[in-house]
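One structure is given below, encoded as structure tokens.
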Amino acid sequence: MLSPQHAFSVPKSLAIGSVPIDPPILLAPMAGVTDGDYRGLMARHGAGLVSTEMASAIGLVRHQPETLDVVRQETPLRVPLAVQIFGGDAAVMADAARMLADAGVALIDINAGCPVKKVIRQGAGASLLKDSDRLASIVEKVKRAAGVPVTVKIRLGWDAQSINAVEVARKVEAAGADALSVHGRTAVQFYGGRADWEAIRLVKAAVSIPVIGNGDVTSPQEAEALFRQTGCDGVMIGRATQGNPWVLAAMARHLGGGARLEATPRWRDFMETVEAHVEAFRRRKPRAVGYARQLLVWYSRGIPGSSRLRNSLCRLPATVDALSLFREWVDELDGRGVDFLPLKVSGLREEGPAEGFF
């Protein structure tokens, strides 16, 4: 039960600087996941803003092809695009931000939450939580260089003994950040345990810029609960969207916002979405057979008989079309009259974290 002082209202929309976000449901950056095809799919299904995978600032300024591919958006979007950058050198981060702004990016996000070792070793990501003054300097220089709204994504602190999200939030606000996303775990936690929503509430109470809450939201009801318990201005969704863009539309409708997907999609719509996503990925990376099958695994989650299907997908020879097997499975479910939509929007939870979720 919420105490009266914590029973906040649910916002219908959000603005970060001059960028409107409607509904206030944001797609989280996920390394190896939120590519251009994924972003386009989530934008069509209800996200108010989508984000790239994190991109190396050094890679951008050096025009490295693989880094440029991370930020490239070939399919038109219906919503604003945020590009997330990481790095430990303020001058390099500023140069990358200027380059992105000149290319027409709507919003730039600074990664100060990634706990992965290869990022930490560069003095970037969550390591910046240990040096909030350096983070503030990066924010100030990026903001000055970019001329577009700049946000920062943080965690609660490095570990349980150094929770400093409120201090960090105040410093990045003073440095010119237009908004802040808070993942309710420490860097050391990675994705273990439960996200601390009370800590997100404390950050929101400490600053005047918009605060986006992130962590353990997998259903429309949980999205509403995060808004009401923290007073946050937006909710960021990551792993819950994997194989499940319909949860975004369900959240938008539940929160009273407009959704860009019909209210009751059927198996036909489900299969059309799966096929379009897999085929788009195959065109872009025809040799990545394993990842294309990973997409099918994501789409199967929470549906009756999915464990048997996943076992079959794992044993399938690389030369066999996994999409045909998936289609047969869906046809069989449709023939039995199983309704997939309630399964996909009821708050599914999977064991273990997804790789690369920041």
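Nothing in this text is a laboratory measurement; each read-out follows from the coordinates by a stated rule. All values derive from a computational prediction rather than experimental measurement. All Cβ positions, glycine included, derive from the backbone under ideal geometry; neighbour counts span all protein chains shown.
So which residue, out of R98, R268, R336, gets the largest mean-square fluctuation from a GNM of the chain using Cα contacts under 10 Å as springs?
R336
Taking the Cα centre of the chain as origin, work out the dipole magnitude from +1 charges on Lys and Arg Cβ and -1 charges on Asp and Glu Cβ, in debye rounded to 20.
Roughly 320 debye, rounded to the nearest 20.
Counting DSSP beta bridges with both partners in the chain, what percentage is antiparallel, nearest 5?
Taking every DSSP beta bridge with both residues in the chain, the antiparallel ones total about 15 percent.
What's the exposure ranking of C314, C232, going from fewest to most Cβ atoms within 10 Å?
Least crowded to most crowded, the residues run C314, C232.
Quantify how much of the Cα-Cα distance distribution of the stretch 1-120 extends past 22 Å, in percent.
Everything past 22 Å amounts to 39 percent.
Sort E279, E222, E53 by Cβ crowding within 10 Å, fewest neighbours at the top.
Listed from fewest to most nearby Cβ atoms, that is E279, E222, E53.
Quick check on the stretch 121-228: take the gyration tensor over C-alpha atoms, sort the square-rooted eigenvalues as a ≥ b ≥ c, and tell me if it's rounded (a/c under 1.5), prolate or oblate.
Since a/c reaches 1.5 but b/c is at least a/b, the shape of the stretch 121-228 is classed as oblate.
Given springs between every Cα pair under 10 Å in a Gaussian network model of the chain, which of A82, A97, A292 has the largest fluctuation?
Highest fluctuation of the listed residues: A292.
Among P149, P342, P210, which one moves the most in a GNM of the chain with springs linking Cα atoms closer than 10 Å?
Of the options given, P342 has the highest mean-square fluctuation.
Cut-off under 22 Å on the C-alpha distance; same-chain residues fewer than 8 positions from K141 excluded. Which lysines are left, in chain and number order?
Within the straight-line cut-off, K141 pairs with K130, K153, K171.
For every helix of n ≥ 4 consecutive DSSP H residues, a contribution of -39,500 (n - 2.57) applies; sum these over the chain, divide by its total residues, and give [θ] at 222 nm rounded to the nearest 500 deg cm²/dmol.
It comes out at -12500 deg cm²/dmol, rounded to the nearest 500.
Between the stretch 23-72 and the stretch 195-209, how far is it from one alpha carbon centroid to the other, in angstrom?
26 Å
Take V10, V235 and order them by how many other Cβ atoms sit within 10 Å, fewest up front.
Ascending Cβ contact count within 10 Å gives the list V10, V235.
Check the straight Cα-Cα distances from K285 and name the aspartates and glutamates below 18 Å, setting aside those fewer than 8 residues away within the same chain.
Excluding near neighbours in sequence, the set is D35, D37, E53, E66, D69, E74, E275, D321.
Rounded to the nearest 10 degrees, what's the angle between the helix 132-146 long axis and the longest principal axis of the chain, both from Cα atoms, 0 to 90?
Here the helix axis deviates by roughly 80 degrees.
Report the net charge of residues surrounding A55, where surrounding means a beta-carbon distance below 11 angstrom and charges are Lys +1, Arg +1, Asp -1, Glu -1.
Counting the neighbours of A55, the net charge comes to -3.
Helix 90-102 versus the longest principal axis of the chain: what is the Cα-based angle in degrees, 0 to 90, to the nearest 10?
60 degrees
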